[in-house]
Amino acid sequence: MAEKNNIKVEVSTTIPSNLAVDEMQLAITVSNLLENAIHACMEVPEKERFISVTAKYKSQLLLEVSNSCKDKVKLDEEGHPYSNEENHGIGTRSVLAFVTQTNSEIRYIAENNVFKVRMIV
């Protein structure tokens, strides 16, 4: 989907095959993060579109997804992104459910037309 929309994607990962979390839940979470990143990239000019995914394992999985975005992203009082648009925010709620279920940590950073999600699983 990113390729079809001329979004430059860089991926650098080292994830062991035996994580202590459900692989399907992790895959769904990463998929939701990527889908949100793609939607954000669609609002910026093609030459500025990018998504970067980094995952490293050092006793815990450290995951970061960064992407270009049009404006400063709205974060709620807990530091989580939100949308007032109908049928939006479902993926973010799914990600937060994963974070809660796995006792993970998540942080959203929005600055200089770049949006980052950092997760420790």
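The values are calculated or read from the model by the stated rules, or taken from the named source; none is laboratory data. Values in this document were obtained by computation on a predicted structure and should not be read as measured data. We place every Cβ from the backbone using ideal geometry, glycine too, and count neighbours over all the protein chains shown. The protein model used for the area step is the full one, side chains on, heavy atoms only, and it has no ligands, DNA or RNA in it. Shrake-Rupley method; radii C 1.70, N 1.55, O 1.52, S 1.80 Å.
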Open item on the list: Under 25 Å between alpha carbons, and skipping anything fewer than 8 positions from residue 56 in its own chain: which lysines qualify?
Closed with: 8, 116
TODO: Skip the ligands, DNA and RNA, and give the accessible area per residue of the chain with a 1.4 Å probe, whole Å².
DONE: 67 Å²
Task: Sorted peptide list for 49-55, 24-30, 62-68, criterion being average Cβ within 10 angstrom, highest first - done: 62-68, 49-55, 24-30
Task: Calculated [θ] (222 nm, deg cm²/dmol) that DSSP helices of n ≥ 4 give over the chain, each run adding -39,500 (n - 2.57) - done: -8500 deg cm²/dmol
Open item on the list: How large a share of the accessible area of region 1-81, in percent, is made up of carbon and sulfur atoms when the probe is 1.4 Å and the other protein chains stay in place?
Closed with: 50 percent
Open item on the list: Checking the a/c ratio against 1.5 first, then a/b against b/c, what shape does the Cα gyration tensor give for region 24-68?
Closed with: oblate
TODO: Choose one of 51, 31, 96: the residue whose Cα lies farthest towards the positive end of the charge dipole of the chain (beta-carbon charges +1 Lys, Arg; -1 Asp, Glu; about the Cα centre).
DONE: 51
Open item on the list: Which lysines, if any, have their Cα less than 17 Å from the Cα of residue 4, not counting same-chain residues under 8 positions apart?
Closed with: 47
Task: Lys, Arg +1 and Asp, Glu -1 on Cβ, resulting dipole of the chain about Cα centre, debye, nearest 20 - done: 360 debye
Open item on the list: Show me the GluC sites (Glu not before Pro) within region 1-50 that DSSP assigns to loop and that have at most 15 other Cβ atoms within 10 Å of their Cβ.
Closed with: 43
